[in-house]
1. I want to verify a result. In a Gaussian network model of the chain, Cα cutoff 10 Å, which of these has the top mean-square fluctuation: 145, 177, 194?
2. Kindly provide the helix-only [θ] at 222 nm of the chain, computed as the sum of -39,500 (n - 2.57) over DSSP H runs of four or more divided by all residues, to the nearest 500 deg cm²/dmol?
3. So what's the gap between the Cα centers of region 52-71 and region 16-32, to the nearest angstrom?
4. Relative to the longest principal Cα axis of the chain, at what angle does helix 64-74 sit, 0 to 90 degrees, rounded to 10?
5. Checking the table 6/205; 69/201; 146/206; 15/113 against a 21 Å threshold on Cα-Cα, which pairs fail?
6. May I ask you to list the residues of region 24-41 whose amide nitrogen lies under 20 Å from a point 7 Å from Cα along the Cα→beta-carbon direction of residue 105?
7. Compute a Gaussian network model of the chain, connecting alpha carbons closer than 10 Å, and tell me which residue from 202, 91, 25 fluctuates the most.
8. Please arrange 15, 70, 4 by how many other C-beta atoms lie within 10 Å of their C-beta, fewest to most.
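Nothing in this text is a laboratory measurement; each read-out follows from the coordinates by a stated rule. Since we're looking at a predicted model, the values are computed, not measured. Positions of Cβ are backbone-derived with ideal geometry, glycine not excepted, and every protein chain shown enters the neighbour counts.
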Amino acid sequence: MGIKIKILLVEDDNKLRSTIADYLQMNGYLVTACADGNSALCSFESHSPFDIVLLDGMLPDIDGFDILKKIRETANVPVIILSARESETDQLTGFRLGADNYITKPFLLSILKEHINALLSRVNQSDESEDYLTKGALMLNTVERKVYLDRKLINTTPREYDLLLYFIKNERIVLSRNTILDSVWGYSYVGDLRTVDTIIKQLRKKLGKHSDYIVSVYGIGYKFEVEHEK
């Protein structure tokens, strides 16, 4: 695997935490395992940067969503929620707070590994021919995965960045929600199509007066277009 991927695993169930950690370590990952929110935050702040966080949605001391909020205050590290809370409301809340993926329990360890690999592949992917992409008031630094709006840096989650990059590369093409999920999430997504709507709502809010770059296409999905501002 070359340079080992560093994973922060936060899970209060002792058996499940040990099982996940052992499996991932056998597959070449470096795993720091925590049983509660306080130790997770301590590890997150004191260790060298993690490549991905696997975060239990329900912890004994701090709610998993509150942990996610704190992580997003300082870092864009990819976060996968692992939770027994499987309601649509809980999943959409996770995405609104900046989760990149949401896996409901129980799950297969092999599937979890594929989710990790797909997300990391997406995050680490760079466009060697174009270090910068510019569309209208937007500029993306594809090497550092940063987004600038009117020359000012805006904070985006890894999933928001991937979606915006995908839109720019497919400018003026009408994209269905299914197409967006399959292309941006990196695998055949099983879940509510409104996940796309949630992420787009977040992006539009961050784009401010340029929110109309993302155009809703009734009954189909979305397209990215800036020329109507000319």
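1. Between 145, 177, 194, it is 194 that shows the largest mean-square fluctuation.
2. Numbers: 8 runs with 93 residues, N = 230.
Estimated from H runs of four or more residues: -12500 deg cm²/dmol.
3. The distance from the Cα centre of region 52-71 to that of region 16-32 comes to 19 Å.
4. Around 60 degrees separate the two axes.
5. Over 21 Å Cα-Cα: 6/205.
6. The answer is 24-25, 31-41.
7. Result for the chain, Cα springs under 10 Å: 25 fluctuates most.
8. Working: 15 8, 70 15, 4 12.
Lowest count first: 15, 4, 70.
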